[in-house]
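Just below is one structure, and these are the notes that go with it.
What follows is calculated from the coordinates using simple rules that are stated; it is not laboratory data. For clarity, every value in this text was computed on a predicted model and none was experimentally measured. Cβ placement follows ideal geometry from the backbone for every residue including glycine, while neighbour counts extend to all protein chains displayed.
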Ligand SMILES: [Zn+2]
Ligand SMILES: [Zn+2]
């Protein structure tokens, strides 16, 4: 650490090297959804060595470490990190690059895990707090709802937490900064398939059939009226039709056409409205052309929505570490999705962003050249520690 480390994060500085080592080891052996075997072994072993009560198996490879404070009764809080990697070929050449072909820690979950382990390490030796802390290490954040799986497996029954907190590194936000949202921070992400059935026939005699390709075209156009004409202009939503299939050749009107796409929103009301409008348009446009169409709508992750009071507490904790001027409050949310949303549907809490660095060299999440910024490990771990003391004093 440099000598100008802010006072507030100095207690975690001695753990910087240790966290970096954990982080790079995890980076080297990335594991994807529900196969975080080495990673969860490592996490459980470290938590056990710190004297925490370790629970394994929630969500398959999930790990929860329980730490009791020494100041008696108090709330139970949950601090959550994700452990999974992406299906992505790493293009970095540094020493700690992925040893698992086709898998990569391209979202920084290696860093999230290391920061939470660092916080557990510090707090296990400094237990001047009330109540207890659950250190949650979840599997399968990337599209496979590991958080939901842990909840379905009874996490909140086994550990009746009062509040839950999450943190994600954020490229584009400078190192040393945080961003906290008083409401929605990430979007819901649903997918849909529209199956259109017409009546196939000769392309030169279209009047004898019902063309599902034409119907598909009308549905594509009409679907774009939902956000522009049905959603309040001050709210937001995205409908993207990303795939279309139909027909095999140039002289046959096909019997079937299929459209696929995604819907993103920042609030349950818009999510519901878009689904309803899409269904109405799909069924009625098809009927108007003498075809039939079915919308199969699959709920993905809900929007990640912070509880305002808890977010305000997080903002104060972040400001105590980074300075008021280095905490963004209520900046635009991301239309990406995050499965910590499932935990926030059940418990009050907040999910914040920690700057991973900005500028021309800054690499986006899920990019094959991305790497978690090891310089922010002490700041992130300090956030967890300071938040715990703040909530459990
Ligand atoms: Zn990701
Ligand atoms: Zn991520």
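Between residue 224 and residue 367, how many nm apart are label points set 7 Å from Cα along the C-beta direction?
Inter-label distance under the simple model: 2.9 nm.
When N counts the residues of the stretch 1-114, how does its alpha-carbon radius of gyration compare numerically with 2.2 N^0.38 Å, as a ratio? Working shown, then result.
Values: Rg = 16.0 Å, N = 114, 2.2 N^0.38 = 13.3 Å.
Ratio of Cα Rg to 2.2 N^0.38 Å: 1.20.
What FRET efficiency comes out for residue 283 versus residue 242 if R0 is 22 angstrom and r is the Cβ-Cβ distance? Round to the nearest 0.05.
Given R0 = 22 Å and the Cβ-Cβ separation, E is 0.55.
Taking the stretch 189-301 as the region of interest, what is the percent of Cα-Cα pairs per 5 angstrom bin, listed from the shortest bin to the one with the maximum distance?
Pair shares across the bins are 2, 12, 23, 21, 16, 11, 7, 4, 2, 0.
Of the residues 285, 274, 26, which exhibits the maximal mean-square fluctuation in a Gaussian network model of the chain defined by a 10 Å Cα contact cut-off?
Residue with maximal mean-square fluctuation among 285, 274, 26: 285.
Working from Cα positions, state the angle (0 to 90°, nearest 10) between the long axis of helix 16-28 and the longest principal axis of the chain.
That works out to roughly 30 degrees.
Using the reciprocal of the averaged 1/r over all distinct C-alpha pairs, how large is the Kirkwood radius of the chain in Å?
Details: mean 1/r = 0.0442 Å⁻¹.
After inverting the pairwise mean of 1/r, the radius is 22.6 Å.
Any idea what angle helix 212-225 forms with the longest principal axis of the chain, computed on alpha-carbon atoms, 0 to 90 degrees, nearest 10?
Compared with the principal axis, the helix lies near 50 degrees.
Which order, highest average first, do 223-232, 61-70 follow once you tally other Cβ atoms within 10 Å for each residue and take the mean per peptide?
For the peptides 223-232, 61-70, the packing ranking is 61-70, 223-232.
In whole angstrom, how far apart do the alpha carbon centroids of the stretch 298-332 and the stretch 128-193 sit?
12 Å
Using Stokes-Einstein with the Kirkwood hydrodynamic radius over Cα pairs, what translational diffusion coefficient do you get for the stretch 241-289 at 20 °C and a viscosity of 1.002 mPa s, in µm²/s rounded to a whole number? Could you put the intermediate results ahead of the total?
Values: Rh = 13.0 Å.
Value of D from the Cα-based Kirkwood radius: 165 µm²/s.
Mind checking the angle between helix 377-391 and the chain's longest principal axis? C-alpha axes, 0 to 90 degrees, to the nearest 10.
Helix 377-391 and the main axis of the chain meet at about 80 degrees.
Of the listed peptides 213-219, 331-337, what is their order by residue-averaged count of other C-beta atoms within 10 Å, with the highest listed first?
Ranked from most to least packed, the peptides come out as 213-219, 331-337.
Over the Cα atoms, compute the radius of gyration (one decimal) and Dmax (the largest Cα-Cα distance, rounded to a whole number) for the stretch 122-234, in Å.
When restricted to the Cα atoms of the stretch 122-234, Rg and Dmax are 25.0, 82 Å.
Using a 10 angstrom cutoff on alpha carbons, build the Gaussian network for the chain and name the most mobile of 265, 191, 280.
Comparing 265, 191, 280 in a Gaussian network model of the chain, the most mobile one is 280.
Take the alpha-carbon centre of the stretch 243-259, take the same for the stretch 30-49, and report the distance between them in whole Å.
Going from one Cα centre to the other spans 47 Å.
What is the gain in length, in nm to one decimal, between residue 97 and residue 335 on full extension, counting 0.36 nm per residue of separation less the C-alpha to C-alpha distance?
Net length gain for the segment: 82.8 nm.
Can you tell me which of 203, 44, 319 moves the most in a GNM of the chain? Springs connect C-alpha atoms under 10 Å apart.
Answer for the Gaussian network model of the chain: 203.
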